[in-house]
Each structure stands twice: as C-alpha cells, then as structure tokens.
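The values are calculated or read from the model by the stated rules, or taken from the named source; none is laboratory data. This structure is a prediction, so every number in the text was calculated from the model and none was measured. Every residue, glycine among them, receives a Cβ derived from its backbone with ideal geometry; neighbour counts consider all protein chains shown.
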Number of protein chains: 2
Amino acid sequence: MSDLLKNFTVSDSFLGRYEKLVKDIVIPYQEKVLKDEIPDTEKSHAIENFNAAAKLLETGKCDDEFYGMVFQDSDVAKWLEAAAYSLLKYPDKELEKRCDEVIALIGRAQQKDGYLNTYFTVKSPDKRWTNLEEAHELYCAGHMMEAAVAYAESTGKTKLLDIMSRMADHIYKRFIEEGAEGYPGHPEVELALMRMYRCTKNEKYKELAEHFINVRGVDSDYFIKESEKYNWTIWGNDCHNKEYTQNHVPVRKQTKAVGHAVRAVYLYTGMADVAIETNDQELKDACKTLWDNITQCRMYVTGAIGSAYEGEAFTKDYHLPNDTAYAETCASIGLIFFARKMLDLEKDSRYSDTMERALYNCVLAGMQLDGEKFFYVNPLEVIPGISGEAVTHRHALPQRPKWFACACCPPNVARLLSSVGRYVWSEERDTVYSHLFVGGTLDLTHTLHGKIDVVTEYPYGDKVTYKFKPDDTVMNMTLAIRLPQWSKETIITLNGKNCNYETKGGYAYLTGEFTDKDELTVKFDMSVRRIFASSKVSSNSCKVAFSRGPLVYCAEGIDNSDDVLSLSVKKEAEVETCTSNKLNGIVEIKMDGYRTITGDSLYSLERPKTETCKLTLIPYYAWGNRGLNQMRVWLPEEE
Amino acid sequence: MSDLLKNFTVSDSFLGRYEKLVKDIVIPYQEKVLKDEIPDTEKSHAIENFNAAAKLLETGKCDDEFYGMVFQDSDVAKWLEAAAYSLLKYPDKELEKRCDEVIALIGRAQQKDGYLNTYFTVKSPDKRWTNLEEAHELYCAGHMMEAAVAYAESTGKTKLLDIMSRMADHIYKRFIEEGAEGYPGHPEVELALMRMYRCTKNEKYKELAEHFINVRGVDSDYFIKESEKYNWTIWGNDCHNKEYTQNHVPVRKQTKAVGHAVRAVYLYTGMADVAIETNDQELKDACKTLWDNITQCRMYVTGAIGSAYEGEAFTKDYHLPNDTAYAETCASIGLIFFARKMLDLEKDSRYSDTMERALYNCVLAGMQLDGEKFFYVNPLEVIPGISGEAVTHRHALPQRPKWFACACCPPNVARLLSSVGRYVWSEERDTVYSHLFVGGTLDLTHTLHGKIDVVTEYPYGDKVTYKFKPDDTVMNMTLAIRLPQWSKETIITLNGKNCNYETKGGYAYLTGEFTDKDELTVKFDMSVRRIFASSKVSSNSCKVAFSRGPLVYCAEGIDNSDDVLSLSVKKEAEVETCTSNKLNGIVEIKMDGYRTITGDSLYSLERPKTETCKLTLIPYYAWGNRGLNQMRVWLPEEE
C-alpha cells in the first residue's frame, strides 16, 4: 500500500489542489498550533508536553506541566505522519529538518524501557498501564507508529521507527511475554502494529496486533475489573459502557456497528488487516457483517457515520437524524481506512464506492476550502439559531472553528489528504485496480514494467483516460476499473473504440498487452441523480438528495434567498448544471421547485401558499464557506 | 376558582369517565404505590418517609432512612390533592379516613417551628434552607399547600391547612421577617401561596408569593453564592444553569420561555396570579410575552412543551423535534395552569384554545386508558427499535411504564383530571364564561340564582346545549361561549333559532333573561382539518397533522400494516370519519394515501415505487394502548 502511495504521483486539479493545500497551509498551520504559535485559538501544548517529558527524564525535574487531552501526543503523531506523506511528493529540507527536530525531541521523551507517553511520563508516572479503558496509551503509541512507518518510508530515516520499535517491543513484553491482561480502550494500535509489521517484517508486531484483536471482549468485564483494581479515572468514567468501547463481546461475534464510531472503524480496520495476513475466515466474515451493517443501516448519504453526540457514537439501525448528526470527520476517515482494508480482502466496488462517498463528501467538508478551519461534526442540516446553540445541537456547529480542544480531526484530515494516493490503486499480481479516479502517474516500473498516466477532470469531468507508458514496448497486464454505482452507464473505450471486458464485483477487467499508443478512456454518466433513502429512515420521509458523480449536493441559504427550510423540489423537474467559479470552481445544480409561505403562525389550519422558485444546489463538501446560513442535504419533494 | 370546581359537577361520558377512572383506579393505585404495595415497580417509600420523620421527631431516633427523590414528599401532596378533588364529587368515608390518617402522619412529621420536609428532617437536619437551588423545600411546601387548600375546600377539614399555615408562617418568618436571601430553585410555592392566600385571606401569603416573584433573578448569582457558601450538592450541580431555573434575569425582563419547562410554567402561573391580585402591568406584560413565545414558537401541536431531554427543557424557537421531544406531561399540566391564570387576566380564547389543546391531547395521552400506566414524555413520533433505545431517545419510551423513580407526572395527571371543573368556567359579575365544553351541571345559585345544565358528546359530538334552570323564573346574565379556533363556523341558536350575540376575544357573548324554557345550542364544525406547521419548524417540512374538534390525530402501526414511516397522505384526499368502539370509543379518520416501497437498500438511485393505500388515524390521546408499534402525528403529504 505504502508502495502504491510512493508510486503514484497525484497531479490533478482537484485532489491535487488539496494535497498542495495540505503542504502549503495545513501542515505549517498545524505545526504552529502544536507549537502554540496561533493566537486566539484553543491551546495545544502538544510539543511542549514532549519537552516537559524530555526535561523531566533528563534532569529529574521539570517546572512545566502536562496540558491537554490524555491523547494530546497523537496530534503530534498525526501531524508528523501528514508531513511525512507530503515530503514524499514535495521535498522540503526545512520542513524535514523541523520534523527531525520533533523526532529527536520525541526520542528524548522516551523512557529507558521504551515507554513513550508524555501524559504518564510528566503527570502520572506511577499509573502507567493501569487504565487501558481511558488513558489512550496504546492509541497514542499506535498513531506514533503510523507516523514512524510513514516517515521511514518517505524519507528513509528510521529514527522514529527505531523509537517506536522500542515502544512496540515494550508493549510486546508486557502483553505477550509477561502476559498482562487487557486491550486498548481506543483501538488504533492494532492497525498501526500491522503497518509496523509490514514495514519492519518483525513478526512480533503482527502477533501483538492479533493478540489485541483476539482478546478484545473475551473478558468483557476487563475494564470494570481494571477500574476496581486501580481506582482512578480521567473522565469520571464509572459506567463502563462496553458497546462504546466495542468490548461487549469478542470481535468475531460482533454483528452491529456500535459505540464510539472512530473506535469502531479503527478496530474494524485492524481486524480486516489481521484477517488479510492470517486468512482467518471468521474474522473476515465479522468484518463483512459489520461493513454491511454500517453501509446498509447506519451511514449517512455523505459517507458520515455516528448518529449521536452522546458517545460520538453509532446508535440504532436507520436512525440517521440530519441536524443532530455527529458524523465526525475522523469517523469517515476511519471508514475509508476500513474500506481500504476490505478492498484488500475482496475486490468489490461496494467498498470503493463507499470509500469515494466518504472522501468526496464528509471528509472534504471537514476542512474549510482555505485549509485553516475544520469541522469535527458534519451535520446534513444546519439552522442558525438552533445548530450549535440548542442544547441538543451544541456539537453541530454551523461554521468551522479554527481548532479544537480535542483536536483529533484536523491532523487526521491532513494525513488523509496528503496520502490520498494510498486509496487510489491496488496491485495484485498482474492486475492493477483503479478504485478512485485521480489524475496523476502510477509508476509500475518494478512490477509491470511501465507507467500509467491518468488524465481526468474528476470529480466534475466525466472522463478518465489511462495512458500506458511501457518501459519497453508493452505492458502485459489487466486494468480493473471500478464501475461506480452512481453512473447509470459507464462506457470504456480503447483508443476510441469499444472494447471487451469482463465485469466482476463492480469492476471492469481489461486485459491486454498495452503499448504507448494505447489510451483507455472511461466515460461516466454524470447526470444529476436523485437519491432516495429507505422509508425506515424517519428523517428523510418523502425527501430526496441530489448527487452528480461522486458528489452529494446541498442547498445553502446564501444561494436560496436565505431560507432553505421552506424549499421543496419538484418531482420531475429538469435539472440544469452550470460551471461556476465560486468556491474554487464547482458545478452548480439548478432546478425548479417550490417555496412554502407559511406566515407567522406556528400552526395554521389553512394550507400555506406556495410559489414556484429556482433552487440552487452546491456540492456538500463546499458548504459553510460563505458565512452563517441554513443548509440542507435532504429536501422535500413535491409533484 | 375552587368555588367553580365545587359548583360544577361533571357528568359527561368523556371527561366524566376520566374523573371516575381517577376515583376508581388512579387514586387507589397511586395510594398503593406511595405505600409500596405494588410489586414489580419503582419503589416510592413516600409515606414511609413521613413515618420516619415522625418517629425521629417523637423518639429522637429512627432506623428507617429517607428514600427517593429530594422532592418525594410532593408525590404524597399531589395524591392528597387529587383525593380531595375526588371526595368532593364522590364522597368516600374510607378514602377520607385514610386521607385523614396520612394528614395526621404529616402533622407528626412537622417540626416545632413549623418546618415540614422529610428529606431534611430525616436525612440532613443540619442543612435546612442551605440549597434552595436543588433541594425543593419550597416546591414540596407548595404542593402540600395546594393539597391543604383542596382538602379544606372539599371536606371542610382544616388540619392540613393548619399544618401548612404553620409552614407558610415559618417560610414568611425566614424570608420576610428575617430577610433571608434566595428564591426557589423550582417554582411552585408562589402559585401555592396565592391559593393559601385566597383560602385563608391571610395577606402574608400573598406578600410572600409576591416576594419570591420579585426577587427571582434580581441577584442572578444567588445560587452560585449559595453553593459556594454551603458547599453541598444533591445532583453534583456545579454548572448553575441560570436559564434552567429561570433566574437569569428578573422575571419582568424575561421574554423567552427557557429552561426546565415545568419550572417555567409553574413560575409563569405564579407570576400571572400575583399580577391578577396586584394589577402589576409590567408583570402582566411579561406573562403575555412569555405566553406568546411558548404558543407561537415553542409548543407542539399537541400542546406539549419542552423540546429536549437535556434539562427537560425549552430549547430555541421553532426547534420542535417529533421523535426526541421531551413534552413532559407535567409541563402541559403547568401550561394549563398558566392558561387558566391568563384567562383570569384577560378573557381571550387564545388561552382557552391552548388549554384545551394541552388537556385533550398531551395530558390525556399521559395516562393509559386503563389508568394504570403513565407517560412522562409524550413524543409525536415513535419508532420501536429507536424510541426508548437509541441513546438520544432513552427518554422517549414507546410504551407507558407503571411508575417512575421520579414520579411527578402520574399524581399530577390525577389531580388535574379530578379537578377539571376548575378549567371549564369563569364567572365575572353577571357573565359566565364557558371555556371548555364539558357536560354537567353548573350551580350558580348563590350568584345568578339558578343552574345551567350542559349536555354534550364532546369532544366527538359537535353540539353543546346549555339548559337554564333559574331558581325563580329568570336568570339575568351573559353567557360567553368560546368560539374554538378549530371550528370554521360555529352556529349558536336559542331554542332552535338564530340569536344575536357579540363576539370579542374569541368568545360569543349572549345576554338575556333566560328561563327554564331556554336552551342555547352551540354547533361546531367538526370537519377533519389539516394542520400546517410554520416552515421554520424543520421537522415538519411538507408534513401535515390532522385534527377533528379539539383532538389531534396520529397514525399508529397497528391500524396501518405495522408501518407508519412509509405512509404519506394525499393532498386533496377526502376524509371519512367513523365511530369505532375501540379504545373506549373513538372517531377514526380514514383517507387515501400512499405507501412508499423502498426495498432493502439504505439509499437508492431509483425512485421507489408507491402504492395507494388507506390510512387510519386515531386520536393522539389514545395512542400506545395496543402494544408496541410505530406512531406518527406529522405525516408527509403528496399530490
């Protein structure tokens, strides 16, 4: 996978712009935040925590205190990981030097036995490993392992990898050799250990990942016993909601996506990754069951997951409220991770369709177009005066803040958008899978002896062209191209002529001996489509959402006379699309609809008047970039 | 008012049945609950708390402990109040004897200085009056004062009134004579003191009520200072949400109904009652502003209030979610109290229309038809699997439980339904106002020298007949009859002939010298009507609710192939009504509509098929009496 990132250079104007934005704005901005150099925003102190830990370890004392969330370290990890991906494409000596300095600092904050965590080193040295439920030690370790792997693969420098190998060894010693009980309260280390394993080939890391997957929920009372034994708490957690932490039953018995959504999809990603390596059919089946439950019963049309603020969690099947959605950016990122692993298990477009849905809608909406503000929560309906204000809507902010006290999402967006190449392709023997349609160059020199140039205006353009560049004369291979579910008809031509291909699991398999004269062109039907939700989704009764290509659309007040709530769309209205320069360039949807004029009464016994009107819709990812206003994805439909 | 209760004997088959049900089932059932004689339900211990307090005061020690909510005493008070009303109509020596015994016990639990509260007497004697924010001492006192007034007026026995006079004197001494700071965390004592004042003519009680109204919110930090000074808490309340307790600003400056809905309407009732007595225009204006905010921006179509579980509270204008509504039964009862007082301030049908809306819909829904189960929360949409189960819907139970740990609602329903006569009439000089249409006999012997018999099949029948029964030959008077907002045309005839009347504030004023030959008949237009919500109410976009007369209707699964979520109603469908024996006799509404067949997919790009179907609606008050099933008040409308 990481090789595919290394081998694919994004160069298109859409995701390419985001990649560049992450380099130019997001990474430097977040570095400043982590170093507390941005005024008027939530304090981070994340780098200072490492300084404090280092100083304490080196001098035995330190005046500074730990500040922030117990998982504050992971903000640094995610930023380093994002920087590592970015350096791969955009070498930057200055940034690399600063990363090296941060890594050196991290090294100084590591204890002699390999233990690394500034919260416990600075604040509670005697409480290491005594509160796996809340304390995020394994979670922070996991994120730093991911950063270590990314930095090693990107720069060739292994200092952080060595640091994290020592930490992984420390964890191995404790949980495997010494047989300590327990499993992480927040999954993450499992998927990270699998990355460490692939990078270092150290079998212990795979064994450790498998161990945490296997023991989870077997003793479902572990966290209760732990809290009785050690008797301390971070958040006053005395309820031990087992579903929240997905340890209510062993993972292979889990059939519904429950609890904290980010924990859930990080866990499932780890499960799928272990299943890939171990070929464990029961584990694969559990992953598929959980996948189906998410995507068929618990996912928003934007690829967002987590219906409730309470526990940032999944709730019940078909409970998908639009205005109070939690729909955390990180959870959709985790869903992309999960989808990526499922694709490795099984080449089926339902995984890549969802990966695309989550990326182009919820995740992109998580960041302001200028890269400087972020949504943690991504509601599908926003009403100023209620959203962000009513007690039930405090989490559903109508505008993106600059930073968060719990800052998991912004650096998560950064690391995803700077590594988007990891999600675009799979390579399996002589078959290359094209999951996402992103312009750029795929280097297959070491395997299939050539390159593929991809040219596209995606997600707005309807064409993707694959140009083959064999090192010698031909590339003997199969290109498997996803046939997106949203495209009613997808036409594939080779050098302008129809060509034969086999279709399987939502992919078109084109086998040939491709020369540098060959151009495969895929043309999608980019007609605007109406999306209908299951009638079991109470909040979307008789409503419709709009999409064009992979993009889900929404109506924003600013384009619709400042009042979206009174709008309905005409059932059979013709839709027009028009390219607009606004919002960095979008395709707008315009159509006829109605506006209901209800007057001042709360309730009326007279049918309100309706006027015909023109509706304007914009892509959901671009909402909230033009000030405070109403927004709605699902619109009522009328005859 | 209490005279009007005494003077009006309900005898119709609708509210009369409820009154009888309260006597036969609810009062004996709740007595058993309070005495812990009902198995398999929440323990009450409310009577035992009084026993424990009495024993402790008499012997200086007691093995039993206080159990329950800090306001557990109020359950006994509300039950006594309900029993008092019931005894007025249905004398019952046995019940009266048991009430006397409970009152004697209460007397024994009163401290020498007049203080009465079992929580503080048994559990925390040293903490009296040190936590007005949470400890409900004034609230419990208020409820017991209401019971005392009711029992004295009903039975002529003043023992409880004497007890509560001593308690009121104790409170007067503390807050007026000694000048103690503070005001109640839960308003109630204000309206109760006004009842004490009217009953005893003791001006001190009016002065005390006025005092609590006047000081509220003037020092809006009082609860903060109190908690800093005494440093103890019942619920770990360290946030001091001033809006929750309506002390954010002085009451005359309050313009939005905020915070805990029951606290709010109890406060506003007290404010209105003080304004009636003091003729305080500023206070009257504040009441009207708050009334308008509730009824024009924050009230459900069922007369329910409180949009959020969090704080059992009002939220923001037009935020009226159907499935997560709090809509507490007690809050609608409080809204009825408020409406009643507003009618005393101003004879305008907007108060009586709302009083009727709340009574016939939300409040009646609060009790199972058999009188043995109760709703605390009255949602307008219920989905088994989500309602009562999703973390956001835990409060919105899909079926009525037998009792609650916090049992405020069941005895509140009992006292309201056994005193419904208080809300039916007003008498002002020679004018009698007919606010609600309830069959029975109004005794005006001592004022207008006669009686009025009211005959009606309301709320199902469309006619109300007023038969005059002068003591001598004529009753020289004005009958002012409410013209309900829901009736498109209301025809009033005197002895079958049209008659002249003046219309003002939604009332028809008929003046005459009525003899025993005179029958005034009012005929309403009881056509089924569609109700449309303001487009600002996001949850009701393009939806419609149905009503017939005062009753709001709903669709329940059991009448609609177990699936209400896929139903929509036809815009111009003819509606049929048919009388049914089910649910103790109702009028059902049937009409043509559509069922959407969406299949198994969560999202589909194909328009789902629709089938025409027949919809059946039942009155909202009767829902949830036939097992677990879906329910919806607001239904999407289609062409």
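Out of B:VAL564, B:VAL569, B:VAL544, B:VAL575, I need the residue that is over 30 Å from A:GLY385 (Cα atoms), within 11 Å of chain A (Cβ to nearest Cβ) and either surrounded by fewer than 20 Cβ atoms within 10 Å (Cβ to Cβ) or over 31 Å from the mean Cα position of the chain (by Cα) (or both). Which one?
Working: B:VAL564 fails: either surrounded by fewer than 20 Cβ atoms within 10 Å (Cβ to Cβ) or over 31 Å from the mean Cα position of the chain (by Cα) (or both); B:VAL544 fails: over 30 Å from A:GLY385 (Cα atoms); B:VAL575 fails: within 11 Å of chain A (Cβ to nearest Cβ).
Exactly one of B:VAL564, B:VAL569, B:VAL544, B:VAL575 is over 30 Å from A:GLY385 (Cα atoms), within 11 Å of chain A (Cβ to nearest Cβ) and either surrounded by fewer than 20 Cβ atoms within 10 Å (Cβ to Cβ) or over 31 Å from the mean Cα position of the chain (by Cα) (or both), namely B:VAL569.
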Can you name the number of the only condition in (1) out of contact with any Lys or Arg (no Cβ under 9 Å at 6 or more places or on another chain); (2) farther than 29 Å from A:ASP323 by Cβ that A:THR289 fails?
(1)
Counting residues that are within 30 Å of A:GLN296 (Cα to Cα) and touching a Gly at 6+ places or on another chain (Cβ under 7 Å), which helices (runs of 4 or more DSSP H) fully inside the stretch A:143-261 reach at least 3?
A:189-200
Hits in the stretch A:504-540 (condition: out of contact with any Leu (no Cβ under 7 Å at 6 or more places or on another chain) and among the β-branched types (Val, Ile, Thr))
A:THR511, A:THR515, A:THR521, A:VAL522, A:VAL528
Can you pull out the residues in the stretch B:330-371 that are farther than 19 Å from B:LEU417 by Cβ and polar (S, T, N, Q)?
B:SER349
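Here is a yes/no grid of residues against (1) within 27 Å of the chain's Cα centre (by Cα); (2) farther than 21 Å from A:LYS256 by Cβ; (3) of a type in the set (A, V, I, L, M); (4) modelled with pLDDT of 95 or more:
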site	(1), (2), (3), (4)
A:GLU203	no, yes, no, yes
A:GLU207	yes, yes, no, yes
A:ILE213	yes, no, yes, yes
A:ARG216	yes, no, no, yes
A:ASP221	no, no, no, yes
A:GLU228	no, yes, no, no
A:TRP232	no, yes, no, no
A:ASP238	no, yes, no, no
A:GLU243	yes, no, no, yes
Those residues of the stretch B:609-636 which are of a type in the set (D, E, K, R), more than 14 Å from every other protein chain (Cβ to nearest Cβ) and touching a residue at least 40 places away in the same chain (Cβ under 8 Å) amount to B:ARG626
Please tell me if B:LYS127 is touching a residue at least 60 places away in the same chain (Cβ under 8 Å) and surrounded by fewer than 16 Cβ atoms within 10 Å (Cβ to Cβ).
yes
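Can you tell me which residue in the stretch B:400-413 is farthest from B:ALA555 (Cα to Cα), limited to those that are at pLDDT 90 or above and under 17 Å from the mean Cα position of the chain (by Cα)? Outline the logic, then answer.
If we filter the stretch B:400-413 for residues that are at pLDDT 90 or above, which is where we start, we get B:400, B:412-413.
Applying the additional criterion that residues be under 17 Å from the mean Cα position of the chain (by Cα) yields B:412-413.
Working: B:ASN412: 27, B:VAL413: 24 Å.
By that ranking, first place goes to B:ASN412.
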Where the second residue is part of a loop (DSSP other than H, G, I, E, B) and aliphatic (A, V, I, L, M) and the first is more than 7 Å from chain B (Cβ to nearest Cβ) and lies in the stretch A:597-608, which pairs have Cβ atoms under 6 Å and are six or more apart or on separate chains?
none
Looking at the stretch A:281-311, which of the residues that are within 12 Å of chain B (Cβ to nearest Cβ) and over 25 Å from A:GLY185 (Cβ atoms) is surrounded by the most Cβ atoms within 10 Å (Cβ to Cβ)?
A:TYR300
Scan the stretch B:492-504 and tell me whether some residue there is of a type in the set (A, V, I, L, M, F, W, C) and in contact with a helix residue (DSSP H, G or I) (Cβ under 7 Å, 6 or more places away or on another chain).
no
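Collect the residues in the stretch A:95-118 that are hydroxyl-bearing (Ser, Thr, Tyr) and surrounded by 24 or more Cβ atoms within 10 Å (Cβ to Cβ), keeping them in residue-number order.
From the stretch A:95-118, those hydroxyl-bearing (Ser, Thr, Tyr) are A:115, A:118; that's our starting set.
A:THR118, the sole residue that qualifies.
Out of the residues in the stretch B:349-394 meeting the condition of being small (Gly, Ala, Ser) and without any contact (Cβ under 8 Å) to a residue 12 or more places away in the chain, tell me which one is surrounded by the most Cβ atoms within 10 Å (Cβ to Cβ). Break it down into steps so the answer makes sense when it comes.
Filtering the stretch B:349-394 for residues small (Gly, Ala, Ser) gives B:349, B:352, B:358, B:365-366, B:371, B:385, B:387-388, B:390.
Remaining after also requiring without any contact (Cβ under 8 Å) to a residue 12 or more places away in the chain: B:385, B:388, B:390.
Values: B:GLY385: 16, B:GLY388: 19, B:ALA390: 23.
Only one residue fits best here, namely B:ALA390.
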Report whether or not B:ILE586 is surrounded by fewer than 16 Cβ atoms within 10 Å (Cβ to Cβ) and either away from chain A (no Cβ under 14 Å) or not polar (S, T, N, Q) (or both).
no
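Restricting to the stretch A:513-532, and then to whatever is in contact with a strand residue (DSSP E or B) (Cβ under 7 Å, 6 or more places away or on another chain) and farther than 30 Å from A:ILE618 by Cβ, can you tell me which residue is nearest to the other protein chains (Cβ to nearest Cβ)? Break it down into steps so the answer makes sense when it comes.
Initial filter on the stretch A:513-532 (in contact with a strand residue (DSSP E or B) (Cβ under 7 Å, 6 or more places away or on another chain)): A:513-516, A:518-523, A:526, A:528-532.
Filter once more, keeping what is farther than 30 Å from A:ILE618 by Cβ: A:513-516, A:518-520.
On the way: A:GLU513: 36, A:PHE514: 33, A:THR515: 37, A:ASP516: 38, A:ASP518: 32, A:GLU519: 29, A:LEU520: 25 Å.
Once the filter is applied, the top-ranked residue is A:LEU520.
Please go through the stretch B:19-42 and give me each residue that is of a type in the set (Lys, Arg) and either farther than 21 Å from B:HIS143 by Cα or not assigned by TED's automatic domain parsing to the domain that holds B:ALA109 (or both), ordered by number.
Hit for the stretch B:19-42 is B:LYS20, nothing else.
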Check whether at least one residue in the stretch A:547-556 is within 14 Å of chain B (Cβ to nearest Cβ), under 30 Å from A:GLN368 (Cα atoms), surrounded by fewer than 22 Cβ atoms within 10 Å (Cβ to Cβ) and in contact (Cβ under 8 Å) with a residue 12 or more places away in the chain, and report yes or no.
no
Restricting the stretch B:589-606 to residues that are in a strand (DSSP E or B) and among the polar types (S, T, N, Q), which is surrounded by the fewest Cβ atoms within 10 Å (Cβ to Cβ)?
B:SER604
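Can you say whether A:LEU397 is under 21 Å from the mean Cα position of the chain (by Cα) and free of Cβ contacts under 8 Å to residues at least 40 places away in the same chain, as far as the supplied structure shows?
So A:LEU397 fits the description; yes.
Can you report the number of residues in the stretch A:425-475 which are part of a loop (DSSP other than H, G, I, E, B) and within 25 Å of A:THR579 (Cβ to Cβ)?
Keep residues of the stretch A:425-475 that are part of a loop (DSSP other than H, G, I, E, B), which gives A:429-430, A:435-439, A:444-449, A:457-462, A:471-474.
Restricting the remaining residues to those that are within 25 Å of A:THR579 (Cβ to Cβ) gives A:436-439, A:457-462.
Residues flagged as part of a loop (DSSP other than H, G, I, E, B) and within 25 Å of A:THR579 (Cβ to Cβ) within the stretch A:425-475 amount to 10.
Take A:VAL249 and tell me if it is in contact (Cβ under 8 Å) with a residue 40 or more places away in the chain and either buried (at least 19 other Cβ atoms within 10 Å of the Cβ) or out of contact with any helix residue (DSSP H, G or I) (no Cβ under 8 Å at 6 or more places or on another chain) (or both). If you could, list the steps in order and put the result at the bottom.
On the way: in contact (Cβ under 8 Å) with a residue 40 or more places away in the chain: no; either buried (at least 19 other Cβ atoms within 10 Å of the Cβ) or out of contact with any helix residue (DSSP H, G or I) (no Cβ under 8 Å at 6 or more places or on another chain) (or both): yes.
No: the conditions fail for A:VAL249.
To keep it simple, each residue is scored yes or no on (1) of a type in the set (Gly, Ala, Ser); (2) in a loop (DSSP other than H, G, I, E, B); (3) touching a strand residue (DSSP E or B) at 6+ places or on another chain (Cβ under 9 Å).
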{"site": "A:ALA272", "(1), (2), (3)": "yes, no, no"}
{"site": "A:THR289", "(1), (2), (3)": "no, no, no"}
{"site": "A:VAL301", "(1), (2), (3)": "no, yes, yes"}
{"site": "A:GLY311", "(1), (2), (3)": "yes, yes, yes"}
{"site": "A:CYS330", "(1), (2), (3)": "no, no, no"}
{"site": "A:GLU356", "(1), (2), (3)": "no, no, yes"}
Collect the residues in the stretch B:116-138 that are under 23 Å from B:CYS62 (Cα atoms) and either aromatic (Phe, Trp, Tyr) or outside any loop (DSSP other than H, G, I, E, B) (or both), keeping them in residue-number order.
B:THR118, B:TYR119, B:PHE120, B:THR121, B:VAL122, B:LYS123, B:PRO125, B:ASP126, B:LYS127, B:TRP129, B:GLU137
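Got a sec? Which of B:ASP348, B:ASP323 is acidic (Asp, Glu) and at the interface with chain A (Cβ under 8 Å from one of its Cβ atoms)? So that I can check it myself, show each step before the final result.
Values: B:ASP348 fails: at the interface with chain A (Cβ under 8 Å from one of its Cβ atoms).
Only one candidate qualifies: B:ASP323.
Of a type outside the set (A, V, I, L, M, F, W, C) and farther than 30 Å from A:HIS319 by Cβ: does that describe A:ASN247? Break it down into steps so the answer makes sense when it comes.
Working: of a type outside the set (A, V, I, L, M, F, W, C): yes; farther than 30 Å from A:HIS319 by Cβ: no.
So A:ASN247 does not fit the description; no.
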